[in-house]
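The structure appears below as structure tokens.
The values are calculated or read from the model by the stated rules, or taken from the named source; none is laboratory data. Values in this document were obtained by computation on a predicted structure and should not be read as measured data. Just the protein is used for accessible areas: all its heavy atoms, side chains included, with ligands, DNA and RNA removed. Shrake-Rupley method; radii C 1.70, N 1.55, O 1.52, S 1.80 Å.
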Amino acid sequence: AGVLNCTADGGSSSIVNCHVTDINIRGVQVGGVVGRTSQKKCSKDQLKILGCSATNIELGHITTDDFASPDNGNHFVGGIVGGAGATTISGCFSKNIIADIYGTGFAPAGGIVGVLGADSQSSDVTNCYAVGVKLTANEGCHPEKTSLGGLIGKGAHVAVSFGDPNTEYNIFNNFVTDVTITNTCSVNNGVLIGLVADSIYFNDVYYVPV
């Protein structure tokens, strides 16, 4: 799917038990299952991705300078979801995820989610795992705009569109294993999360050595 949104009348949208295998995809906001969720004022009770998986996904040669992004040049890259706003992601897993990033644009990448909390909308990731994640930010990337994480590239992407001072993000009961991160230009890297902002709550999130 390209974008998952709530409906104009406040209705909900869900993707349940969706399994994607053996694809190569590139673009502005890319994910193994969904590129972007919630480009409207939704709540995480309205948007859900449940029991989904992505296996053997090559998220392509993402060149952040190549695409005219509809979202102010932001490129979100994730094994399950590229950019997740106002979304509950639960019971999902990714396996053998490869992302290769070039260019100077904003491009967080993660084994499950590239950016959690896109447009500062509360979002949760629970009971998910990522196995065999290989993320590379190549020479020439921007040191302040690139963040790579085995689970989540960046937590809480702050934007003015739908910002809410009560926004919070819950990351519970998740794990990653077999993670390789190569970032030639930035220290925003983590085996779990590349870059963490405010109001993120962790519980039972861990790395399992190979």
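A quick yes/no check of all residues on (1) polar (S, T, N, Q); (2) modelled with pLDDT of 85 or more; (3) at positive phi:
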position: TYR169; (1), (2), (3): no, no, no
position: VAL179; (1), (2), (3): no, yes, no
position: SER186; (1), (2), (3): yes, no, no
position: GLY190; (1), (2), (3): no, yes, no
position: VAL196; (1), (2), (3): no, no, no
position: VAL205; (1), (2), (3): no, yes, no
Legend entry - Test result for THR146, of a type in the set (S, T, N, Q) and open to solvent by 10 Å² or more (accessible area, probe 1.4 Å): no
